[in-house]
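**Student:** After the structure tokens below, expect a handful of questions from me.
The values are calculated or read from the model by the stated rules, or taken from the named source; none is laboratory data. Small disclaimer: the values here were computed from a predicted structure and weren't measured. Every residue, glycine as well, gets a Cβ built from its backbone with ideal geometry; the counts of neighbours run over all protein chains shown.
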Amino acid sequence: MPGICEGRIVIVTGAGRGIGRGHALEFARQGAKVVVNDLGAESDGTGTSTGPAGEVVDAIRAMGGEAVANGSDIADWEGAQALIQTAVDTFGGLDVLVNNAGFLRDRMLFSSGEDEWDAVIRVHLKGHFAPARFASAYWREQSKNGVAVDGRIINTSSGAGLMGSVGQGAYSAAKAGIAAMTLVQSAEMSRYGVTSNAIAPAARTRMTEQVFADTMAAPEGDAFDVMAPENVAPLVVWLGSSESAAVTGRVFEVEGGIVSIADGWQHGPRRDKGARWEPSELGSVIAELLAEAPEPTPVYGAS
């Protein structure tokens, strides 16, 4: 029986380890041809290695699938363009872009360095934008040439981006930006046959083990490993399939066997004076609005 992504051409960034590796292997198991992108960097983004991507490619080929490794820096303009071109040149097109790559440089606000902030924003936010920019241009051109496009962009946000996380200001800001960018991509690309959705996964990776060591440990014995990174892949693969064509502009939270849809910013209670407010008038008005508005979800790690 063919898989739900039979014959689809997929790029997964950061696919050498962890969640991205799970995505790449499951896409291949479901019949996709996979471009395995990974710099082979350490969890803080330093260093490079061709090993992780090559190992995933070998695993896919061993199961009878088709895959190619790509070592482009996804936050580099030319590297991102080369990544998209790798899929087109190797497999003849592109159907799915999964933006997953990232790393951490965690600091409290008062101790963050400019270089740390810039590095995290670059790899997460620009590293999601740049590949999507060139994938979108490719799909737009295909659509304008009369080719039926069934494209997918799947971005990786985070609970830190949706609710915030103490000690992760840069990471939270980048992941929040990714969620907002997903909405814009969905609105702009729907006319060309492309959907854009995001996930906010909770799983054990090199990044999360540093922050949540106690709660991310693997269970002993045969117990279901809720935090196993491969648990995230089924949702991502379904979002990359043709079955998901009607789903776009959504952010999904996924943890173990749980899948949910995050409810983002919406217009809330308001007061309209019909004229300019005096500052002294606003205290009681804001108190009324706060009483009517739902309490925000607490920031992760807040006391």
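**Student:** State all residues of the range 105-126 that are part of a loop (DSSP other than H, G, I, E, B) and out of contact with any Lys or Arg (no Cβ under 9 Å at 6 or more places or on another chain); if no residue qualifies, say none.
**Tutor:** Step one: list which residues in the range 105-126 are part of a loop (DSSP other than H, G, I, E, B), which gives 105-106, 108, 112-113.
Once the filter is applied, which keeps residues that are part of a loop (DSSP other than H, G, I, E, B) and out of contact with any Lys or Arg (no Cβ under 9 Å at 6 or more places or on another chain), the range 105-126 yields Arg105, Asp106, Met108.
**Student:** Starting from residues that are of a type in the set (Val, Ile, Thr) and over 21 Å from Gly177 (Cβ atoms), keep the ones in the range 259-303 and report whichever is surrounded by the fewest Cβ atoms within 10 Å (Cβ to Cβ).
**Tutor:** Only one residue tops the list, namely Ile286.
**Student:** Still on this structure: Just need a number here: residues in the range 87-119 that are surrounded by 24 or more Cβ atoms within 10 Å (Cβ to Cβ) and more than 27 Å from Phe27 (Cβ to Cβ).
**Tutor:** The number of residues fulfilling the criteria is 0.
**Student:** Same structure, new question: Report, ordered by the first and then the second residue, all pairs with beta carbons closer than 6 Å, sequence separation of six or more or different chains, a first member in the range 6-34 that is at positive phi, and a second member that is surrounded by 23 or more Cβ atoms within 10 Å (Cβ to Cβ) and small (Gly, Ala, Ser).
**Tutor:** Cβ pairs passing all conditions: Gly14/Gly20; Gly14/Ala101.
**Student:** Has the range 227-241 got any residue that is assigned to a strand (DSSP E or B), at pLDDT 95 or above and within 30 Å of Gly20 (Cα to Cα)?
**Tutor:** So far as the range 227-241 goes, no, none of its residues is assigned to a strand (DSSP E or B), at pLDDT 95 or above and within 30 Å of Gly20 (Cα to Cα).
Conditions (1) over 12 Å from the mean Cα position of the chain (by Cα); (2) part of a helix (DSSP H, G or I); (3) without any contact (Cβ under 8 Å) to a residue 12 or more places away in the chain; (4) over 17 Å from Ile9 (Cα atoms), marked per residue:
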| site | (1), (2), (3), (4) |
| --- | --- |
| His128 | no, yes, no, yes |
| Ala135 | yes, yes, no, no |
| Tyr138 | yes, yes, no, no |
| Ala170 | yes, yes, no, yes |
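**Student:** When Glu78 is evaluated against the numbered criteria (1) surrounded by fewer than 17 Cβ atoms within 10 Å (Cβ to Cβ); (2) modelled with pLDDT under 95, which criterion, by number, is the only one it fails?
**Tutor:** Checking Glu78 against (1) surrounded by fewer than 17 Cβ atoms within 10 Å (Cβ to Cβ); (2) modelled with pLDDT under 95, the one that fails is (2).
**Student:** Can you find a residue that is surrounded by fewer than 18 Cβ atoms within 10 Å (Cβ to Cβ), part of a helix (DSSP H, G or I) and at pLDDT 95 or above anywhere in the range 145-165?
**Tutor:** No, there is no match, as no residue in the range 145-165 is surrounded by fewer than 18 Cβ atoms within 10 Å (Cβ to Cβ), part of a helix (DSSP H, G or I) and at pLDDT 95 or above.
**Student:** Here's something else I'd like to know. From Ser172, Ser190, grab the single residue that is modelled with pLDDT of 80 or more and touching a strand residue (DSSP E or B) at 6+ places or on another chain (Cβ under 8 Å).
**Tutor:** Ser172
**Student:** A further question on this structure: Which residues, counting only those in the range 242-269, are farther than 26 Å from Ala173 by Cα and either in a loop (DSSP other than H, G, I, E, B) or in contact with a Gly (Cβ under 9 Å, 6 or more places away or on another chain) (or both)?
**Tutor:** The answer is Ala245, Ala246, Gly257.
**Student:** I've got another one for you. Can you go through Leu39, Leu94 and tell me which one is closer than 21 Å to Cys5 by Cβ and in a loop (DSSP other than H, G, I, E, B)?
**Tutor:** Only one candidate passes the filter, namely Leu94.
**Student:** Restricting to the range 270-303, name every residue that is of a type outside the set (Gly, Ala, Ser), in a loop (DSSP other than H, G, I, E, B) and more than 21 Å from Met163 (Cβ to Cβ).
**Tutor:** Within the range 270-303, Arg270, Arg271, Asp272, Lys273, Arg276, Trp277, Glu278 meet the criteria.
**Student:** Which condition breaks for Val68 when tested against (1) at pLDDT below 95; (2) crowded, with 18+ Cβ neighbours inside 10 Å; (3) not in a helix (DSSP H, G or I)?
**Tutor:** Tallying (1) at pLDDT below 95; (2) crowded, with 18+ Cβ neighbours inside 10 Å; (3) not in a helix (DSSP H, G or I), Val68 fails exactly one: (1).
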